[in-house]
Amino acid sequence: MLSLALPLRYFVPWTSINPEIVTPPYTSSIISFLNNVKYPPSVVYTLITLGGNHIALALFFLVNPDTLSVNNGPLLVFGGSSLFFYVTHFWMYMGIAGVLFTTGIMPKGGFGGIDFWLCYALGLVIEYALCKKYAAFKRETDRDSLWRLF
């Protein structure tokens, strides 16, 4: 799919909405070349996204599951309490931002780059511990408990 998408993107002008007004032109840099628009529906966008998904799936199939520790793996922990993660991560990241803002660590406009990713990783570590405790709580409840739904 990717082998079909790349020549279509480079050689066929109708794969961009208006190739003459794209700034910078899509042939000038790799970033502008890969900057595809989803709407209106684009053949190249579909081919690139499906091709990337197929490559990711192929890489996942290369991993031997016997070598992974899946008992407390992050996917199992977050997947076992996904609604809890979804609801609490909003509040948790808002709390982290509030603490960083009130202490003066985070500037008024926020921050990006490595600072953002460090805060994101900190939030995932906190969420991992919370979700692990919540999943253990869910396992201890009765099979017909409403807590098992969340």
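Some observations on this one:
- Probe 1.4 Å, all protein chains present, accessible-area order of Lys108, Lys133, Lys138, largest first: Lys108, Lys133, Lys138
- When Ile55, Ile114 are compared by accessible surface with a 1.4 Å probe, the order from highest to lowest is Ile114, Ile55.
- Sites Leu57 and Leu6 - FRET efficiency at Förster radius 22 Å, r taken between beta-carbons, to 0.05: 0.65
- In sequence order, calculated HN-Hα J values of region 139-144 (Karplus, 6.51, -1.76, 1.60; Hz; x Gly/Pro): 5, 7, 7, 5, 4, 9
- Residues listed by number, region 108-150, amide nitrogen under 12 Å from Met94 label point at 7 Å toward C-beta: none
- Relative contact order (%) - region 61-150, alpha-carbon pairs under 8 angstrom, separation at least six: 41 percent
- Packing-based ranking of 80-93, 30-43 yields 80-93, 30-43, ordered from highest to lowest mean Cβ neighbour count within 10 Å.
- Pairwise label distance in nanometres, Ser145 with Ser29, each label 7 Å out on the Cα-Cβ vector: 5.4 nm
- Each residue of region 51-62 is assigned a 3J(HN,Hα), and the resulting list reads x, x, 5, 5, 5, 4, 5, 4, 5, 5, 6, 6 Hz, derived from the Karplus form 6.51 cos²θ - 1.76 cosθ + 1.60 (θ = phi - 60°), x at Gly and Pro.
- Accessible-area ranking of Tyr45, Tyr120, Tyr134, largest first, probe 1.4 Å: Tyr120, Tyr45, Tyr134
- Gain upon complete extension [Leu124, Phe101; 0.36 nm per residue less C-alpha separation]: 6.4 nm
The values are calculated or read from the model by the stated rules, or taken from the named source; none is laboratory data. Note that the structure is predicted; figures quoted are calculated from it, not measured. Heads up, the Cβs are rebuilt from the backbone with ideal geometry, glycines too, and the neighbour counts pull from every protein chain shown. SASA here: full protein model, heavy atoms, side chains in, ligands and nucleic acids out. Shrake-Rupley method; radii C 1.70, N 1.55, O 1.52, S 1.80 Å.
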